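The values are calculated or read from the model by the stated rules, or taken from the named source; none is laboratory data. Note that the structure is predicted; figures quoted are calculated from it, not measured. Reconstructed Cβ throughout: ideal geometry from the backbone, glycine too, with neighbour counts over all protein chains shown.
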2 protein chains.
Amino acid sequence: MSDSVVLAPRVLAVASHVVSGNVGNKVAVFVLQSLGSEVAALNTVQFSNHTGYKQWTGTRATALEITDLYNGLKQSYLDDFDMMLSGYIPGAEGVTAVGNIAKGLKDKFQHSPGKFFWVLDPVMGDNGKLYVAPEVVPAYKALLPYADLILPNQFEAEQLSDVKIVDLDSLTQAIQVLHEKFNIPHIIITSVSFTTPDHPPSHLSVIGSTMTSGRKARTFKITFPSIDCYFCGTGDMFGALITSRIREATGAVPGLRGRASWLSDDDVPATELPLARAAEKVLASMHEVLAKTRDAMPAVMERTWAELKAEDRDHKDKAHYVKSKAAELQLVTNLDSLRSPSIKFSATKA
Amino acid sequence: MSDSVVLAPRVLAVASHVVSGNVGNKVAVFVLQSLGSEVAALNTVQFSNHTGYKQWTGTRATALEITDLYNGLKQSYLDDFDMMLSGYIPGAEGVTAVGNIAKGLKDKFQHSPGKFFWVLDPVMGDNGKLYVAPEVVPAYKALLPYADLILPNQFEAEQLSDVKIVDLDSLTQAIQVLHEKFNIPHIIITSVSFTTPDHPPSHLSVIGSTMTSGRKARTFKITFPSIDCYFCGTGDMFGALITSRIREATGAVPGLRGRASWLSDDDVPATELPLARAAEKVLASMHEVLAKTRDAMPAVMERTWAELKAEDRDHKDKAHYVKSKAAELQLVTNLDSLRSPSIKFSATKA
């Protein structure tokens, strides 16, 4: 009987939880589940809504509470994870606590190469600004040698590599430093703010790399049309999608998933990497979900205004809340875009 | 543009959260999302795992924290819910806090009949025993007049109605009391422990009723084969499925959703009630998911044992944890059973 049953991979997702809306684990859990993972969701905060609204209520889990929850899993043999995805964690102590979970899992499965894979999204800041305490940066740096795939944006990549990124050359250098100094097998820089000659201004890029056995970068680039609207939770959606897709893409290469960190042979070129295949699918899903979210925004705003009491409708300064709500990612209505996007992007050599 | 966009109904789900496994909101959120609802998830606890393991870690939200989270939603106009599903709430003060949320929503939408619908699962105990503090019972009783649909098991129905249930007659009497005394429009008794002549011992029943305008019960029964295995989270799966399906079934009757509590005309017989249609679909999904969970159990147990360290494998007294884990509902691998079950059960007059 056991032979005919396909068991879902077990993924530990550590991130924030919001009651209403779609950021953090609220995105990651649904996306991972929709793509077939059995998800253990450790929520680092419970907030009413995301902080982009500029007002919220709720509580943060302390580092001790995070550790305690994980110890609860361990004592009942619930820590047999295949993958872990970590996102926003409040404070340096929390980052260290989550890092200890990942280290423990690496250690537990040290004699089963490829059994456990950690996707680390080092959430620290964006557009030149930290939005966490400064001591979070060294806390993340200390964890980098244990990560299998990291997902910094351009600013976070600068913080971790200490390389100032201004163009494709310096970006490639930052990636090389991250591979070499911290032994990080896979890297995707999830947003790039400079433009390049082959990069139309209405487009965005991600740059990824899987290192060789000699820790040399193999960089690919995927360019895709940007959607002129600010959404929250896109990084979390990227993290959850890549976690599912990297497993799928490496599973398609015989023997690869039995290798530590799912590292491709040295002769695999950048554009043929499973990481490139995975990222192509991720961006296709994201582009569809974001386009559909943008298209639904007027209807969501209309519905929200219609249900407001007259006195609230007059507060035109409250439009920020209505707009923030309308920009929440439309996930449940776009399950097909998550599972099997119809558009296609292709990786090129960076 | 707004006209072509179908917006998902907004459902507030208030229940417990477990990191690993599938009970409470961990079930409800995924099931509601899979059936197309935009879910706001207010977690009343965050535990490592469900209490059936007999050991767990984690924290409970206080009544004040629950209220505070909800106030956070209100201040950003995120409280425009179409439905609310409430499950396990720790303590009488928490029950009252959640009740105040529902009352507030009822009040907010009092001039829009049928806009808001509250599904209340009064989680208190089972098989003759309370597993909450005694003061939780009157706290729930005080909320009954605000509920649109309640989902007690046989024991909870006894507690709320003060009618001792020993057979179908006394069960029907309890339902009549709940309609009449508390003005509860829809009731489903989700588990019935007595046997009746037409009820084979290998089968279980649920009994449901939608009251008439004169508060008279219209009872139907659905009998289905039992699965000889103890699962946790089945009540939560029932609650989430019926929340989706009652909306769907009432939506199929022109004008019904514009009526307070979606109450059918008095001449609709018990077996033709939208509640009966909804419950039939719910039980079909549940039967498929439970059968598939049972079928996967040996493989899950095998995998868990295989990954345990040798010294843990020798602790045969630890088998309880391994078995509890194997009995966790298999949801993500059975999305089709949730969305479109293939088997069919039919309601009969009770």
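Assorted remarks:
- Restricting the range B:51-73 to residues that are more than 8 Å from every other protein chain (Cβ to nearest Cβ) and surrounded by fewer than 22 Cβ atoms within 10 Å (Cβ to Cβ), the residue that is farthest from residue A:48 (Cα to Cα) is B:54.
- Any hit, the range B:272-286, residues being of a type in the set (A, V, I, L, M, F, W, C), in contact with a Pro (Cβ under 7 Å, 6 or more places away or on another chain) and closer than 26 Å to residue B:214 by Cα: no
- If the condition is being touching an Asp or Glu at 6+ places or on another chain (Cβ under 8 Å) and polar (S, T, N, Q), then the range B:232-263 contributes only B:261.
- In this structure, residue B:278 does not satisfy being part of a helix (DSSP H, G or I), crowded, with 21+ Cβ neighbours inside 10 Å and facing chain A (nearest Cβ under 9 Å).
- Qualifying positions in the range B:149-179 - under 14 Å from residue B:210 (Cβ atoms) and in contact with a Lys or Arg (Cβ under 9 Å, 6 or more places away or on another chain): B:176, B:179
- Per-region count, the range B:312-342, residues among the acidic types (Asp, Glu) and facing chain A (nearest Cβ under 8 Å): 1
- Matching residues, the range A:227-280, being of a type in the set (Val, Ile, Thr) and more than 28 Å from residue A:107 (Cα to Cα): A:227, A:234, A:268, A:271
- Note on the range A:92-114: residues that are out of contact with any strand residue (DSSP E or B) (no Cβ under 8 Å at 6 or more places or on another chain), surrounded by fewer than 24 Cβ atoms within 10 Å (Cβ to Cβ) and not hydroxyl-bearing (Ser, Thr, Tyr) total 13.
- Long-range neighbours under 6 Å by Cβ, at least six apart or interchain, first residue facing another protein chain (nearest Cβ under 7 Å) within the range A:291-307, second small (Gly, Ala, Ser): A:298/B:2; A:299/B:2; A:300/A:326; A:302/B:2
- Considering A:326, A:310, A:319, the condition of being more than 21 Å from the chain's Cα centre (by Cα), within 24 Å of residue B:32 (Cα to Cα) and among the hydrophobic types (A, V, I, L, M, F, W, C) is satisfied by A:326 alone.
- The selection criterion, being out of contact with any helix residue (DSSP H, G or I) (no Cβ under 6 Å at 6 or more places or on another chain) and in a loop (DSSP other than H, G, I, E, B), holds for residue A:328.
- Whichever residue in the range A:115-136 is surrounded by fewer than 19 Cβ atoms within 10 Å (Cβ to Cβ) and not charged (D, E, K, R) and, among such residues, is nearest to the chain's Cα centre (by Cα): A:125
- Residue within the range B:305-320 that is surrounded by 14 or more Cβ atoms within 10 Å (Cβ to Cβ), touching a strand residue (DSSP E or B) at 6+ places or on another chain (Cβ under 9 Å) and assigned to a helix (DSSP H, G or I) present: no
Residues are listed down the side, and each one gets a yes or a no for (1) out of contact with any Ser or Thr (no Cβ under 6 Å at 6 or more places or on another chain); (2) facing chain B (nearest Cβ under 7 Å); (3) of a type in the set (A, V, I, L, M, F, W, C):
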| position | (1), (2), (3) |
| --- | --- |
| A:14 | no, no, yes |
| A:21 | yes, no, no |
| A:31 | yes, no, yes |
| A:41 | yes, yes, yes |
| A:49 | no, yes, no |
| A:75 | yes, yes, no |
| A:78 | no, yes, yes |
| A:95 | yes, no, yes |
| A:98 | no, no, yes |
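- Residues of the range B:321-350 that turn out to be surrounded by fewer than 16 Cβ atoms within 10 Å (Cβ to Cβ) and aliphatic (A, V, I, L, M), as a count: 1
- Here the condition is being closer than 20 Å to residue B:95 by Cα, out of contact with any strand residue (DSSP E or B) (no Cβ under 8 Å at 6 or more places or on another chain) and either modelled with pLDDT of 95 or more or surrounded by 15 or more Cβ atoms within 10 Å (Cβ to Cβ) (or both); of B:182, B:231, it holds for B:182 alone.
- Where a residue in the range B:127-149 is within 21 Å of residue B:166 (Cα to Cα) and its partner, wherever it lies, is in a helix (DSSP H, G or I), with Cβ under 8 Å and at least six apart: B:127/B:155; B:128/B:155; B:129/B:155; B:130/B:136; B:130/B:137; B:130/B:159; B:137/B:159; B:137/B:160
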